[in-house]
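The values are calculated or read from the model by the stated rules, or taken from the named source; none is laboratory data. If you're wondering where the values come from, they're calculated on a predicted model, not measured in any experiment. As a convention, Cβ positions derive from the backbone with ideal geometry for all residues, glycine included, and neighbour counts pool all protein chains shown.
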Amino acid sequence: MINQTATPIDPITTEIIQSSLTAITDEMFATMRKTAMSSIIYEVLDFGVAMMDANGNLASSGSGIPGFIGMLEPGVRSVMEKFDPETEVFPGDIFMTNIPHHGGVSHLNDVVLILPVFVEGKILAWLANKAHWVDVGGCFPGSISPDATEIYQEGLQLPCIKVIDKNETNQAVIDILAINSRVPDITVGDFWAGVASMRAGERRLLALAEKYGPGALLYAIEDYIRTGEAMSRKALGNLPKGTFEATDVTDDGLEIQATINISDEEFVVDLRGNPPQRKDALNASYDATFVDVQMIYKAIAGAQTFANAGTFKPLKVLVDDDSMFAAKYPSAMSVYYETSIMVFDLLWKALAPVMPESLPAGHYASICGTFMGGRHPETGKDHSIVEPQIGGWGGSLDRDGLNALYTGYHGDTFNVPVEVAEQRNGLMIDRLCLNEDHGGEGEYTGGKGINLDYRILRDDWWITMAYVRSKKGPWGLNGGLEGTTNYIKVLRKDGQEERYSSCTALPLNKGDVVQVVTANGGGYGSPENRPHAKVAADIRNGYITADRANKIYGYNE
Amino acid sequence: MANIRAASDIGGTFTDLVYFAVDEETGQIADMKAVKTHTTPDEFQAGVMTSLDVAGVSAKDLSFFAHGSTVVINALTERKGVKTGLITTQGFRDILEIARGNRPDFFNLRYQKPEAFVPRYLRREVTERLTHRGEVVTPLAIEEIEPILQDFKAEGVEAIAVCLLHSYANTAHEQQLCDEIKRLSPDVTMVASHQISREWREYERTNTAALCAYVKPIASAYLSEMENALQRGGFTGSFYVMQSNGGIDTVSSAKEVPISIVESGPASGVLGAAALGKMLGINDIIAFDIGGTTAKCSLIDGGRVSLTNQYMIEKDARSAGYPIMTPVVDIVEIGNGGGSIGWVDEFDKMHVGPQSAGAMPGPVAYGKGGTEPTTTDANIMLGRINPNYFIGGEIKADVSAVKLAFEKLGSQLDISATDAARGVIRIANHNMGNALKLVSINRGYDPRDFTMIAFGGGGAMHAAALAQELNIPKVIIPAHAAVFSAWGMLMSDLRRDYALTLPLALEPSNAAQISKAFENIRAEAVEAYTSESIDFEDVYFEQMLELRYEGQEHTVQVLAPLGGIDGTAIKDLIDSFNDAYERKYTYRLKNNVELVSCKVTAFAKVDRPEIGKLDASVFGPLKAAIKEVRGVDFDEYGVHETTIYQREKLAPGTFLSGPAVVEESGSTIVVFPAHTLKVDEYGNLHIDTTGGLS
């Protein structure tokens, strides 16, 4: 018997332990943020931390990004499958995995660290930490490219290994990680940041176990998951019932579709019949697609309550085994996030017409991951940048869409200040302003995307990016107009202009300007219902031109 | 003019005045007194003058008057500032609206982003550009300013904020812009970002400048009225304003950048704790303040109040809020106070707060119609608060209503009324304990090395239990716990905090540049003080460096030597950084260390007499301090027949063993079984949670 046994305790102590579990994952999150070496972790928050029970069920999560909440369960399960918890897992062990098809969930850059917490010789819980490492080797700088065709090109694979064995670090592994990365110092620093974060959690959890006893803790965890399920089922009961569908077309012309069936007992998402596994890197694993379902469910069923394994009990996903939404090893997956956000947006689109109080019209719906690098013009050191972009959100039933916010896949993600970016990254930023392109009008207008212009200051730089929603803008709702699209323009020093929605290691030289343009969100409601006073204010604030206002709203000053 | 020194702190409910006369013979403080009057929201200064009247103190007898006020934070949260325009660098007028793009309420797809304080049509751009080193790429197009000012005038703009990109590295363009505005519109209210902050992050700095301009006319008018009211009363002493950084400053400086007083009330309580610690020779302190709706705590390390430059207003789990980049005492605040309500949710979970019964209807015990039990009610239910001496005897607590409320609460969980009351206190203590951990354990400090100084209405009641939980060995309940914020101001020196972002590798070759940066800041500080007739001899400094490993974002602060910094000093600083980093995060790296900013705190000494000691011979025997014996419920430490003492009658040197309760007007001190209590020579109460005799 490897597990502790639960000892029932009074409701007050239960509540106190449960709130301590949240405090522990919050502290793990804060520690990671403060010790990480790269802005993709500490500012973009492309990382997550969680506590699982002894069986690998999510107990508490400290993630600031909804997209990472459900990602750590499969990682812990993969450890339990490979290592017998009774004979092969010990106090002081730390495991490491990143293969998306086998418990890593997302892409090779997202490295999962897992620490078992032992009390009295038995596993009480698992702590896990997953973070986007800037570079894990492979063909492409940043280890990401839409052009990858198999996972071997995308970097170093860590097939669920024990990197720290009873507190003894396997230095060989660290050395291999370092030599395979284009940024070894950052890679090793981020590894230790992850370890520090889990060890902080372990200390607190052990103190809690000492105070209340492992049996009480176990009871509180079980009760917490039960409560999560009870809250979830109650929220499910309040949702509109029926079958809801949406279709869309990807930028490369593939039709995608989703059917959602909501009953009193289940929330079933049927993604069968979608395009097969792709030859490029825009594939998602089954686990990544399941996270999309978790996120949309949480948005409509108790967005402001906690989430744990109980919350997601009513969910079910049906998807073809070899589809682009559940691709098999060794398919390439480095750009999985764009495929995942397509699924998320599709589910959102299916439900928005019946749940407008929770869901606005379509937003810019692309992570807009922008990877650039080269030698820093001041230090001469190799430098790389990983940045998602902010964009416009859709209008909704009682207000205009939000301007310039990260996607629904992100959360408490911060952009990098211009002043910091220029010093750190060795670029100039010529402007950062709202996108004034036409589109997304409605009774409630779509929010604005941005224009962000990076000026390159040294020769031999490169850019890799793959934005979706580059052909067709975010969908309007209830008569609102479609928004605009995501893309970049490269203005060459000689005056030439190029437009891309996807490129790999495109050369950039001193004096070139990369202009990022993100989409304006979709409108809500017919434009003819927008009061003229609001249109006048829009013109005054430069959100719309007088001509366009006249054309769309029939407004004359 | 008699030599009376006074401080007044305006809170939401009460205006506190603390004052003392200086004994001509001993030079010591003769007798410290306090007056509480009701706050007069529309005319704060009238309330202050009334409190002086009530105290019988004439303005002309005041040699020193320090003032803390909520005028700035109120104008911000109630959106009662003026119509504000912003001038910024070409290409960046939307920074204020874009903000940082974050969505803390991360599952919610109907998030509402905080609205910018300056609308887009009042955000204007000028041609100019600096690099991050402060070099000029594009000179300022000064001719563009006049048309902007004309537009602002036509729109009825009453205050202008200026924030240019990289102005922290070079203030010249902002300065030129301000000079031009002054030349064209001499009377316009204006704030430039560099007057408040020389640190990078353009959104934070722009927002700070905008919010400062937005409240400046209101705050200046208020401070002028306050000065006038005092002068009409014959005041000729020195008038100081309490700032958010835990120090006072001159009124002229506060009028210039009023955003510096945004958090003055809570800051002065922490300052009071630091000042009391200094008096008693205690340097490592956790300041803990429980009010009606919230509890606040802050850590004082080596006598130094911790500051943050990441202060936010209106930020919570649902909203990104607004950053204010001005040094503010680093306080963790949670929604648990005496009025916080205990409740059970639909999934049978008990919670306490953040809803509060407020002043109306207040706790059930007030008998003003409240039916939901609060933390205060739980303390009555358990016999810790005397129902017959409730709020200093102002009200007789409605004990039967309290019982009924807890019976109702307990029935939802199938537990007794007493267990429900215990539950409310345990959960409230747990919440407050988490806040205390956030400022201590989570930052790498061991609570066993600290003394808790507890104040505010509820501080003394919960302090000992919390200290025990966190293994804090000693708790001090100050003599003036109920008016501690105002007391803190009386103990304060002038304080100005300067920070300069200077991203550099921390290596011996950069020593001269770092040394020079410190020297320049100190010179600037001395010049500012002496221009306000403050003696150069009274100015003293503290210097810190914000350091990190190359590539990181978050910094760790390290104390820097006051003299020149050379190569050896740099090596020592790297060692101190590695030690401090390891203490916080359990590991160290061999990576390069990077400087982010230089920080200088410039104090100016305020002449301050010593506080006199109490004369034990004027007190009666301990027996005379006993009010009664009653049953008090100490939760897991049992129900005990407990002796209740009157605080004012406890002589210095008195020693008591728990269980005991000490009552004073407006506050109750609970001494648990196995704890001991000692009264020091100033009348502060020291509780030893280890039961020791010291």
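Values as computed for the structure displayed
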read-out	value
Residue check, residue A:37 in contact with a strand residue (DSSP E or B) (Cβ under 9 Å, 6 or more places away or on another chain), within 11 Å of another protein chain (Cβ to nearest Cβ) and either within 26 Å of residue A:412 (Cα to Cα) or in contact (Cβ under 8 Å) with a residue 60 or more places away in the chain (or both)	yes
Enumeration of residues in the stretch B:490-502 that are surrounded by 23 or more Cβ atoms within 10 Å (Cβ to Cβ) and assigned to a loop (DSSP other than H, G, I, E, B)	B:492
Selection from the stretch B:133-169 of residues that are assigned to a loop (DSSP other than H, G, I, E, B), free of Cβ contacts under 8 Å to residues at least 60 places away in the same chain and more than 21 Å from residue B:99 (Cβ to Cβ)	B:133, B:134, B:135, B:139, B:140, B:141
Scope the stretch A:275-311; condition within 14 Å of another protein chain (Cβ to nearest Cβ), hydrophobic (A, V, I, L, M, F, W, C) and within 20 Å of residue A:336 (Cβ to Cβ); matching residues	A:291, A:293, A:295, A:296
Residue within the stretch B:439-450 that is in contact with a Phe, Trp or Tyr (Cβ under 9 Å, 6 or more places away or on another chain) and farther than 30 Å from residue A:35 by Cα present	no
Unique match (being out of contact with any Gly (no Cβ under 6 Å at 6 or more places or on another chain), away from chain A (no Cβ under 14 Å) and free of Cβ contacts under 8 Å to residues at least 60 places away in the same chain) among B:97, B:78	B:78
Some residue of the stretch A:459-475 being within 9 Å of another protein chain (Cβ to nearest Cβ) and under 30 Å from residue A:536 (Cα atoms)	no
Extreme residue, nearest to the other protein chains (Cβ to nearest Cβ), among residues of the stretch B:170-214 that are under 24 Å from the mean Cα position of the chain (by Cα) and hydroxyl-bearing (Ser, Thr, Tyr)	B:203
Complete set of residues in the stretch A:248-290 that are out of contact with any strand residue (DSSP E or B) (no Cβ under 9 Å at 6 or more places or on another chain), among the charged types (D, E, K, R) and surrounded by fewer than 15 Cβ atoms within 10 Å (Cβ to Cβ)	A:252, A:264, A:265
Residue count, the stretch A:100-153 (criterion: of a type in the set (D, E, K, R) and under 16 Å from residue A:177 (Cβ atoms))	3
Only listed residue being under 21 Å from residue B:427 (Cα atoms), more than 9 Å from chain B (Cβ to nearest Cβ), modelled with pLDDT of 90 or more and touching a Lys or Arg at 6+ places or on another chain (Cβ under 9 Å), chosen from A:9, A:24, A:16	A:24
Single residue of A:248, A:287 found to be in contact (Cβ under 8 Å) with a residue 60 or more places away in the chain, more than 25 Å from residue A:58 (Cβ to Cβ) and acidic (Asp, Glu)	A:248
Members of the stretch A:314-349 found to be surrounded by fewer than 22 Cβ atoms within 10 Å (Cβ to Cβ) and either among the basic types (Lys, Arg) or out of contact with any helix residue (DSSP H, G or I) (no Cβ under 7 Å at 6 or more places or on another chain) (or both), listed by number	A:316, A:318, A:320, A:321, A:322, A:328
Answer residue from the stretch B:309-346, given it is of a type in the set (S, T, N, Q) and at pLDDT 90 or above and is nearest to residue A:26 (Cα to Cα) among those	B:319
Residue identified as crowded, with 18+ Cβ neighbours inside 10 Å and more than 14 Å from chain B (Cβ to nearest Cβ) among A:554, A:495, A:521, A:525	A:525
The stretch A:391-407 residues that are on the phi > 0 side of the Ramachandran plot and facing chain B (nearest Cβ under 9 Å), paired with ones that are among the hydroxyl-bearing types (Ser, Thr, Tyr) and not in a strand (DSSP E or B) (beta carbon under 9 Å, 6 or more apart)	A:404/A:518
Enumeration of residues in the stretch B:673-687 that are in a strand (DSSP E or B) and buried (at least 22 other Cβ atoms within 10 Å of the Cβ)	B:677, B:679, B:685, B:687
Wholly within the stretch B:560-672, strands (runs of 3 or more DSSP E) carrying at least 3 residues that are surrounded by fewer than 17 Cβ atoms within 10 Å (Cβ to Cβ)	B:626-633, B:639-646
Odd one out for residue A:95, checked against (1) in a strand (DSSP E or B); (2) surrounded by fewer than 24 Cβ atoms within 10 Å (Cβ to Cβ); (3) in contact (Cβ under 8 Å) with a residue 60 or more places away in the chain	(2)
Matching residues in the stretch A:191-236 - criterion: being part of a helix (DSSP H, G or I), more than 9 Å from chain B (Cβ to nearest Cβ), in contact (Cβ under 8 Å) with a residue 40 or more places away in the chain and over 29 Å from residue A:293 (Cβ atoms)	A:191, A:202, A:205, A:206, A:208, A:209, A:212, A:214, A:215, A:216, A:217, A:219
Residue match in the stretch B:132-155 (condition: within 14 Å of chain A (Cβ to nearest Cβ), surrounded by 14 or more Cβ atoms within 10 Å (Cβ to Cβ) and among the hydroxyl-bearing types (Ser, Thr, Tyr))	no
Filter result for residue A:224 (assigned by TED's automatic domain parsing to the domain that holds residue A:163, surrounded by 23 or more Cβ atoms within 10 Å (Cβ to Cβ), at pLDDT 95 or above and farther than 17 Å from residue A:49 by Cα)	yes
Lone qualifier among B:379, B:431 - being crowded, with 19+ Cβ neighbours inside 10 Å, under 22 Å from residue B:672 (Cα atoms) and within 13 Å of chain A (Cβ to nearest Cβ)	B:431
Residue that is crowded, with 24+ Cβ neighbours inside 10 Å, not aromatic (Phe, Trp, Tyr) and not in a loop (DSSP other than H, G, I, E, B), where the choices are B:342, B:277, B:337	B:342
Any pair with Cβ under 7 angstrom, 6 or more apart, that starts in the stretch B:365-384 at a residue that is among the basic types (Lys, Arg) and ends at one that is part of a loop (DSSP other than H, G, I, E, B) and surrounded by fewer than 23 Cβ atoms within 10 Å (Cβ to Cβ)	B:368/B:360; B:368/B:361; B:368/B:362
